[in-house]
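Single-structure report; data block below.
Read-outs throughout are calculated quantities, based only on the coordinates presented, and are distinct from any laboratory measurement. It should be emphasised that the depicted structure is a prediction, and the values quoted were computed from it without experimental measurement. Backbone-built Cβ (ideal geometry, glycine too); neighbour counts: all protein chains shown.
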Amino acid sequence: MRKELKKFIIYVIFVLVTGLSAFLYYEHTQSVQYDGTAVPYIQNVLPEISTWNPEVVKQYLAAEVLKTVSEENLKNILAELSKIGELQSIEKMKFKKKSTGGEGDTQQQPVITYIVDAQYSTGEATVTISLLDKGGVYEVQHFNFESGALFQ
């Protein structure tokens, strides 16, 4: 009985390690696939979004997003986010996930999400940005800013 329990435990550990390894390998290959194109895009678009100018931001948003956000809503969102201040530097970017999303024609297109640590004039902020991949051309589908400046 003890020998079978030992074999079972070794088998379970083997399955868990194999599963975790496969997951990490899959995540790494997805990250590598986009790091060469998405990271430079984010490095260019985040300073533009951080101008908090609705006309500038609209240039980068996916058409599907623009259909769902009114001009007034976008102005209000950016006015609130402007409390973060000016972008000082982009510190670190980490691939979070790849999924499919969008509406209508873009329903099956990849959506790539990164977490970005950035320094603003009011302090540190964490930015989650999701990009709609339209065949190697990116459009911003979603962005979220987390900063202590927004809670003051």
**Integer Hz, Karplus 6.51/-1.76/1.60 couplings in order for the stretch 60-73, x for Gly and Pro** = 9, 6, 4, 4, 4, 6, 4, 5, 9, 10, 6, 4, 5, 4
**Prompt:** Taking only DSSP H segments of four or more residues, each worth -39500 (n - 2.57), what value at 222 nm results for the chain once the sum is divided by all its residues, to the nearest 500 deg cm²/dmol?
**Reply:** -15500 deg cm²/dmol
**Amide H contacts under 5 Å for LYS97, placed H, 5+ residues apart** = THR113
**Asked** Considering only Cα-Cα distances, which of the following residue pairs are longer than 28 Å: LYS6/LYS98; LYS6/LYS97; LYS6/LYS96; LYS67/LYS97?
**Response** LYS6/LYS98; LYS6/LYS97; LYS6/LYS96
**Asked** Label VAL69 and GLN108 with points 7 Å out from Cα along Cα→Cβ: what is the distance between them in nm?
**Response** 2.8
**Complete:** Expected sort for 124-137, 83-96, 62-75 on mean C-beta neighbours within 10 Å, highest first, is 124-137, 83-96, 62-75
**Request:** In nm, give the distance between the simple-model label positions of ASN44 and THR100, each being 7 Å from the Cα along the Cα-to-Cβ direction.
**Result:** 2.8
**Asked** Whole number please: convex hull volume per residue of the Cα set in the chain, in Å³?
**Response** 161
**Asked** Could you give me the ³J(HN,Hα) list for the stretch 4-17, computed from phi with Karplus coefficients 6.51, -1.76, 1.60 and θ = phi - 60°, whole Hz, x at Gly and Pro?
**Response** 5, 5, 5, 4, 4, 5, 4, 4, 4, 4, 4, 5, 5, 5
**Asked** Listed highest first by mean packing, meaning other Cβ atoms within 10 Å per residue, what order do 138-144, 3-9 come in?
**Response** 138-144, 3-9
**Fill in**
Sorted by chain and number, the residues with a modelled amide H under 5 Å from that of GLY85, at a separation of 5 or more or across chains, are none
**Message:** Charges on Cβ only, +1 for Lys and Arg, -1 for Asp and Glu, centred on the Cα centroid of the chain; of SER99, ILE77, PHE14, which one is farthest towards the dipole's positive end?
**Reply:** PHE14
